[in-house]
Amino acid sequence: MSLEFVIDGPPHGEPLVLGPSLGTTARLWEPQLAALATRFRVVRFELPALSSMEELAAAVVKLADELGFAAFHYAGVSIGGAIGATLALTHPSRLRSLALVCSAARFGEPAGWHERARLVRGQGTGPLADLARQRWFAVPPQPGDAVREALLADLAAADPQAYAACCEALAGFDVRDRLGEIGVPTLVLAGRDDPATPPAQARLLADGIPGATLVELAGAGHQATVDRPAQVTAALLAHLPAASGTAVRREVLGDEHVDRALARTTPFTRDFQDLITRYAWGEIWTRPGLDRRTRSCVTLTALVARGHLEELALHVRAARRNGLSADEIGEVLLQTAIYCGVPAANAAFAVAQRVLEDE
C-alpha cells in the first residue's frame, strides 16, 4: 500500500519523515514545519488502513524507496512513534535518527483497542471527539482556538477503516523487551500533562533504549507539537544533525556530480552511498580542525599517492570550489613529485591540466 504524503523543504535536504498520531493528519506537524523545512526534505504521511505495526513500518520504507531516500531521519507522535520504534527494529539500516514524541513501548491492554476498533467501524470517529478534546491537550480548546479545533475536525473526518486498522496495530504492539536492540540516536519527548502516554511511559523508553535522550515538557498534553510547539521544535533541532552530509557533499563536489551519483544509486550501492554521505561528508569534511582548502590539499595528495586519477579529476574541481587557485594546485602536485614519485605526479599534472582547461 502506498502512503498519502506531503513533502516540503529543499530538494537536496537530508530526508526527515514525520509520522502522525492516531486520528490526526499531517497538520499535526505544521507548527514545526517552517523550522525543519529550512534544512531538511520533510515528508509527512497519513496513516493507512493497515492493522500491524510491521505493515505500517514497511509502508514507510516503501515510501522512502519511492522518494529515493537511502536512509532518513524519523520522528513520530504516539502511534507515529511506535512506527518509528518498529522501523528501528526491523529496518535499522534505513534510519539515521529517531524521535519518539508522546509515545510508548506498549499502549495499554489489547482489549481496549479492539473495542475501539469495533466502535469506530460501526459509528465512525464522531463518538471519540469529546474524549479527544479532554485527553489530547494540556488545556481543552477554547473558543477561537483554530489550531486545536482543526485537529479535532481531522479526527471527525478520519477514515473509520484506517482508524480501526491502526487501533488493531496498537493492540498488537509491545516492544518492551526489545528496546535494547534499538541502536540509532534516539530522542524521547514526553508531555508532563499527557494522560494517554504519561511521562512514566517515556522514561521506560529512555531507560530501555541505549543512549536515548529524554526531554519532558511542562504544559504539554498528548499532542505536544501543538501544546508546546517552540519547545518541541527546539528539542528536535538539537537532536537532529547540525551539518548535513548531503549539503556539504554538494557544496564541495557540486550538484551535477552528486545528482549523477544519486541517480545511479541502486539497492546494491545504496548503503555505500549512504556511508559516503554520512561519514566522509557528514563526519570528516565537517570537522572544525582543518578548513576546506587544507582538506582539499590533503585529498589531492592522497589521491596522487594512490593513483586514483578519476577521483583526482573530481577533487581538482572540488579544490577550485574550495578556493584553491590553479597555481596552488600546481604547488600541491609539485610537492607530490617529491614524496609520491615523479611518474605519479606526471599523471596527476595531465589530469589536472585537462580539468583546469575545461574551466
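Values in this text are rule-based calculations from the coordinates and carry no lab data. Just so you know, these numbers come straight off a predicted model, no measurement behind them. Note that each Cβ is placed from the backbone with ideal geometry, even for glycine, and that neighbours are counted across all protein chains shown.
Miscellaneous remarks
- Using alpha-carbon coordinates, inclination of helix 326-339 to the longest axis of the chain, degrees: 70 degrees
- The relative contact order of the range 202-359 comes to 18 percent, based on Cα pairs under 8 Å that sit 6 or more residues apart.
- Since only Ala138, Leu314, Gly219 are under comparison, the one whose Cα sits farthest along the positive direction of the charge dipole of the chain, derived from C-beta charges on Lys, Arg, Asp and Glu, is Leu314.
- Taking Lys and Arg as +1 and Asp and Glu as -1, the other residues whose beta-carbon sits under 15 Å from that of Val61 total -2.
- The charge dipole of the range 57-200, taken about the Cα centre with unit charges on the Cβ atoms of Lys, Arg (+1) and Asp, Glu (-1), comes to about 180 debye, rounded to the nearest 20.
- Trypsin sites (Lys or Arg not before Pro) restricted to DSSP loop in the range 257-305 with at most 16 other C-beta within 10 Å: Arg264
- Structural descriptor for the chain: relative contact order 15 percent, calculated from alpha carbon pairs under 8 angstrom and at least 6 residues apart.
- Placing one equal scatterer on every Cα of the range 147-243 and applying the Debye formula, the log10 ratio I(q)/I(0) at q = 0.12, 0.15, 0.19 Å⁻¹ is -0.50, -0.78, -1.12.
- With contacts taken as Cα pairs under 8 Å and at least 6 residues apart, the range 53-166 reaches a relative contact order of 21 percent.
- Note that the range 214-228 has calculated 3J(HN,Hα) couplings of 10, 10, 10, 10, 5, x, 10, x, 5, 9, 5, 4, 9, 5, 10 Hz, one per residue in order, obtained from phi through the Karplus relation 6.51 cos²θ - 1.76 cosθ + 1.60 (θ = phi - 60°); glycine and proline are x.
- Think of each Lys and Arg Cβ as +1 and each Asp and Glu Cβ as -1; about the Cα centre, that makes the dipole of the range 206-359 roughly 120 debye.
- The C-alpha atoms of the chain define a longest principal axis, and helix 79-90 lies at about 50 degrees to it.
- Note on the chain: with charges restricted to the Cβ of Lys and Arg (+1) and Asp and Glu (-1), its dipole about the Cα centre is near 380 debye.
- Farthest towards the positive end of the charge dipole of the range 1-160, among the residues Leu22, Val120, His73, is the Cα of His73, using unit charges on the Cβ of Lys, Arg, Asp and Glu.
- Of Val60, Val42, Gln32, farthest towards positive along the dipole that unit charges on Lys, Arg, Asp, Glu beta carbons give the range 19-70: Gln32
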